[in-house]
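> Once you've had a glance at the structure underneath, I'll fire off some questions.
The values are calculated or read from the model by the stated rules, or taken from the named source; none is laboratory data. Predicted model only: the values in this text are computed from it and were never measured. All Cβ positions, even for glycine, are placed from backbone atoms using ideal geometry, and neighbour counts span all protein chains on display. Just so you know, the surface numbers come from the protein's heavy atoms only, side chains and all, with ligands and any DNA or RNA stripped out. Shrake-Rupley method; radii C 1.70, N 1.55, O 1.52, S 1.80 Å.
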Amino acid sequence: MKPPHILLIVGGGIAAYKACELIRLIRKAGMSVRCVLTDGGAQFITPMTLAALSENEVFTTLWDLKNETEMGHIQLSREADLIVVCPATADLLAKMAAGISDSLATTVLLATDTPVLAVPAMNVRMWQHAATQRNVARLRSDGVTVVDPDDGAMACGEYGPGRLPEPVAIMERIEAALGRRPIGKAGPLAGKRILITAGPTHEPIDPVRYIANRSSGRQGFAIAEAAAAMGADVQLISGPVHLPTPPGMTRIDVETAREMAAAVDATLPADIAILVAAVADWRTADAAEQKIKKTGGALPVLQLAENPDILAGLARDARRPALLVGFAAETENVIEHAQAKLARKGCDWIVANDVSGDVMGGSENAVHIVTADGVESWSNLPKDQVARKLMEKIADVIR
Ligand code: CTP
């Protein structure tokens, strides 16, 4: 098998020097790497440095005719298995989010369908600025993996999130993005089989219409990604969503609640189950085999039937996972309803969130972890941070 090839786009920030160490690690892992250096990047390191370390020609400009005939910008991205933007400056992230292509780097990024891993580094205020956070959220929903920057002292003398993660940590993300991270081999959840449901279910009315809900699947997918990154063997059962499969897991796509119940049953046993899916409570009692036509007379009446409660069923199952976590989407009295749901469904934890705002389909979530021991409330966090915090809490109790 051909070793993976990385296209590394080096942006203009003081952290650009760390790209040199990253190139060394990429090559040490047996991969090849080719670099694109932005004008800003070239203020911090030289093409010569990158060429020497990568042992490959370095590309800097879109307007290089020789390269457009021999190695065009399309070819640059096409030959790569993964594009890594490191450091990804606020400017690069903004241009990526807006689809601007005014340089070789941004043109490559717009012209590609290769997976992209962006590793931001910038001043803490630039990182926390609403515009940058909006751009990051947009990029994540476009399928770009944006790594969270580290917290700490910065070159500009300030303190906070914005530092480029250490090259070793970036390397781990590269391996994960390439699906090379051995599943169940490393991390605090190594050897644990985790079943996760995510997304909505669609319940057909007739061949062209269905009953659905606003779930985007993002929270469930973020949890699956965090679990896999911690070494778990993840089985992700997803309703209809528009999301790429995070690296290193098995994904089973379903449409209806009954299909989801069957997939859960077929996936058991599991050590842990986290049911994030917004399962439709009802389906039509009889989905029409042909498209229902307007008759001009009486309006059609939809007769509903109750769907199986997957969570409650799992709680009663002889193969019940050691830790069973349900989610609760509530629009009022969030904690009281979640406590009642915990008792009614027989699970161990309920992760409750208030969906009266734009949580469903949004990028942030404020959740309460409701257990028999009490309630732990987390402040509003991006969904990937909720995911990581939840998986860390699970890793603590399951050990
Ligand atoms: N759930 C499930 N199967 C269903 C309905 C819900 O497995 N048929 C799971 C969800 O995945 C979630 C939890 O149960 O983990 C709670 O979902 P929610 O929709 O909030 O609960 P409901 O039982 O539908 O309660 P209600 O609609 O009365 O709030």
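> Going through P87, P165 one at a time, which residue ends up being under 18 Å from G41 (Cα atoms), open to solvent by less than 20 Å² (accessible area, probe 1.4 Å) and assigned to a loop (DSSP other than H, G, I, E, B)? Break it down stepwise before answering.
Values: P87 fails: assigned to a loop (DSSP other than H, G, I, E, B).
Answer to the selection: P165.
> Considering only segment 194-225, how many residues are assigned to a helix (DSSP H, G or I) and touching a Pro at 6+ places or on another chain (Cβ under 7 Å)? Before the answer, list the steps.
So in segment 194-225, the residues assigned to a helix (DSSP H, G or I) come out as 218-225.
Keeping just the survivors that are touching a Pro at 6+ places or on another chain (Cβ under 7 Å) gives 221, 224-225.
Here the count works out to 3.
> Taking the condition of a type in the set (S, T, Y) and open to solvent by 40 Å² or more (accessible area, probe 1.4 Å), does S54 pass?
Working: of a type in the set (S, T, Y): yes; open to solvent by 40 Å² or more (accessible area, probe 1.4 Å): no.
No, not satisfied.
> Then there is this: Can you spot a residue in segment 258-281 that is more than 15 Å from G199 (Cα to Cα), assigned to a loop (DSSP other than H, G, I, E, B), within 11 Å of the ligand (Cβ to nearest atom) and touching an Asp or Glu at 6+ places or on another chain (Cβ under 7 Å)?
no
> Take the residues in segment 226-241 that are in a strand (DSSP E or B) and within 16 Å of the ligand (Cβ to nearest atom), then tell me which one is surrounded by the fewest Cβ atoms within 10 Å (Cβ to Cβ). Steps first, answer last, please.
In the first step, residues of segment 226-241 are kept if they are in a strand (DSSP E or B); the result is 233-238.
Add one more test, that the residue is within 16 Å of the ligand (Cβ to nearest atom), and what stays is 235-238.
Numbers: Q235: 22, L236: 27, I237: 28, S238: 24.
So, considering only residues that are in a strand (DSSP E or B) and within 16 Å of the ligand (Cβ to nearest atom), the one surrounded by the fewest Cβ atoms within 10 Å (Cβ to Cβ) is Q235.
> In segment 370-385, which residues are under 23 Å from R214 (Cβ atoms) and either in contact with a Phe, Trp or Tyr (Cβ under 7 Å, 6 or more places away or on another chain) or modelled with pLDDT of 95 or more (or both)?
V370
> Just one of (1) assigned to a helix (DSSP H, G or I); (2) in contact with a helix residue (DSSP H, G or I) (Cβ under 6 Å, 6 or more places away or on another chain) trips up W127, so point out which.
Failed condition: (2).
> Working only within segment 241-296, note down all residues that are under 17 Å from P321 (Cα atoms) and either of a type in the set (V, I, T) or not assigned by TED's automatic domain parsing to the domain that holds I205 (or both).
V264, T267, I272, I274, V276
> Oh, and also: For segment 298-330, which residues satisfy the criterion of being more than 9 Å from the ligand (Cβ to nearest atom) and either outside any loop (DSSP other than H, G, I, E, B) or among the β-branched types (V, I, T) (or both)? Please lay out each step first, then the result.
Residues of segment 298-330 more than 9 Å from the ligand (Cβ to nearest atom): 298-305, 315-324.
Listed by number, the residues that qualify are V301, L304, A305, A315, R316, L323, L324.
> Pick from segment 242-257 the residues that are within 14 Å of the ligand (Cβ to nearest atom) and aliphatic (A, V, I, L, M): which of them is nearest to D309 (Cα to Cα)?
Among those residues, the one meeting the criterion is A257.
> Could you grab the pairs with beta carbons closer than 6 Å, sequence gap of 6+ or different chains, first residue in segment 318-342 and among the hydroxyl-bearing types (S, T, Y), second one more than 11 Å from the ligand (Cβ to nearest atom)?
T331/S356
> Give the residue that is nearest to V136 (Cα to Cα), with candidates limited to residues of segment 168-198 that are open to solvent by 60 Å² or more (accessible area, probe 1.4 Å) and among the hydrophobic types (A, V, I, L, M, F, W, C).
Filtering segment 168-198 for residues that are open to solvent by 60 Å² or more (accessible area, probe 1.4 Å) and among the hydrophobic types (A, V, I, L, M, F, W, C), the one nearest to V136 (Cα to Cα) comes out as V168.
> What is the number of the single condition among (1) surrounded by fewer than 21 Cβ atoms within 10 Å (Cβ to Cβ); (2) within 11 Å of the ligand (Cβ to nearest atom) that A372 does not meet?
Among (1) surrounded by fewer than 21 Cβ atoms within 10 Å (Cβ to Cβ); (2) within 11 Å of the ligand (Cβ to nearest atom), the lone unmet condition for A372 is (2).
> Next question, about the same structure. Looking at segment 59-67, is at least one residue aliphatic (A, V, I, L, M) and over 23 Å from P165 (Cβ atoms)? It would help to see each step written out before you state the result.
Taking segment 59-67 and keeping what is aliphatic (A, V, I, L, M), we get 62, 65.
Filter once more, so that each one left must be over 23 Å from P165 (Cβ atoms): 62, 65.
Checked segment 59-67: at least one residue is aliphatic (A, V, I, L, M) and over 23 Å from P165 (Cβ atoms).
> Scan segment 99-109 for residues that are closer than 13 Å to V144 by Cβ and either without any contact (Cβ under 8 Å) to a residue 12 or more places away in the chain or not assigned by TED's automatic domain parsing to the domain that holds M171 (or both) and jot them down.
G99 - this is the single residue of segment 99-109 that is closer than 13 Å to V144 by Cβ and either without any contact (Cβ under 8 Å) to a residue 12 or more places away in the chain or not assigned by TED's automatic domain parsing to the domain that holds M171 (or both).
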